[in-house]
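Asks: Following this message is one structure expressed as structure tokens.
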Amino acid sequence: MAKNPAVNFYTSDFLTGVSFMNNEQVGAYIKLLCYQHQFGHLSEQQLKTVTQDELVLSKFKKDDNNLYFNERMEIEIKKKQNYSESRAKNRLKKETYEKDMNNICETYEQHMENRNINININKNNLENNRVIGEEETFKVASDGSLLSETTKKVIDKLNELAETSFRSSSKTTQAKIQARLNEGYTLDDFIVVIEKKVRDWKNTEMAKYLRPETLFGNKFEGYLNERPKPITTKEIAKNMNFEEFFGG
């Protein structure tokens with residue numbers, strides 16, 4: 001059967017799914033979705049020919065052949081294909097042709113408008129990519145909080161411990177955090193990384209790297225799995241209030 005020329009596309013829900021993207025990111029995202037629909041799963045080179053933006057690329061997961069695809073687009077393609085095949089088979093039955101044509105509206109809704117199924121997939125799948133038919137923004141698996149809420153909690157913790165003043169509204173920061181969430185990391189993982197690196201870097205020449213760009217980038221997994229450094233006598237002395245300790 002020939003490739004279907006279209007898939008269902010729910011515009012208002014799509015806008016919710018790209019709420020943290022700028023116009024350039026949305027354009028690259030749409031282009032890659034169209035390429036997937038037309039040509040199937042894409043190579044890393046094909047993806048990066050269109051964009052190298054981390055937030056856009058985080059919307060695509062790798063299959064067993066090291067090719068990339070957007071999971072929701074894959075679902076919509078299969079739904080459209082199944083619907084078309086079902087209609088074609090029914091029309092081959094001459095005795096039921098008239099009945100099938102009369103019922104086509106009802107069966108169309110059953111095959112193509114099963115949004116409840118899609119919503120359940122979105123809620124249960126940590127790596128869902130929020131493309132088409134989205135009715136919620138990205139959620140964190142550990143507590144169900146919205147991405148914006150998670151970003152705020154992460155940045156608030158960083159600002160508290162590192163004595164910085166980063167903004168959770170920063171698009172760059174949101175992109176870094178969402179990329180890690182899409183990989184399966186949780187809010188608790190972000191807190192662990194922040195606490196470890198603040199302890200290691202605060203009040204040292206490395207303190208300038210206590211920033212979202214560094215902490216939540218490609219080295220995030222390494223920071224998360226680092227063994228805590230032993231506390232030295234010098235560190236204890238540096239943080240001790242001697243007047244309070246000796247009752248002064």
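Asks: Just rank LYS61, LYS89, LYS79, fewest to most, by other beta-carbon atoms within 10 angstrom.
Replies: Fewest-to-most ranking of LYS61, LYS89, LYS79: LYS89, LYS61, LYS79.
Asks: Okay, next question. Using the count of nearby Cβ atoms within 10 Å as a rough guide to exposure, how do ASP53, ASP156 rank from fewest to most?
Replies: Ascending number of Cβ neighbours within 10 Å: ASP156, ASP53.
Asks: Quick one: THR151, THR16, fewest Cβ neighbours within 10 Å first, how do they rank?
Replies: Going from least to most buried by this count: THR16, THR151.
Every number in this text was worked out from the coordinates using simple rules, so none of it is lab data. Fair warning: this is a prediction, and the values are worked out from it, not measured in the lab. Note that we place each Cβ from the backbone using ideal geometry, even for glycine, and neighbour counts take in every protein chain shown.
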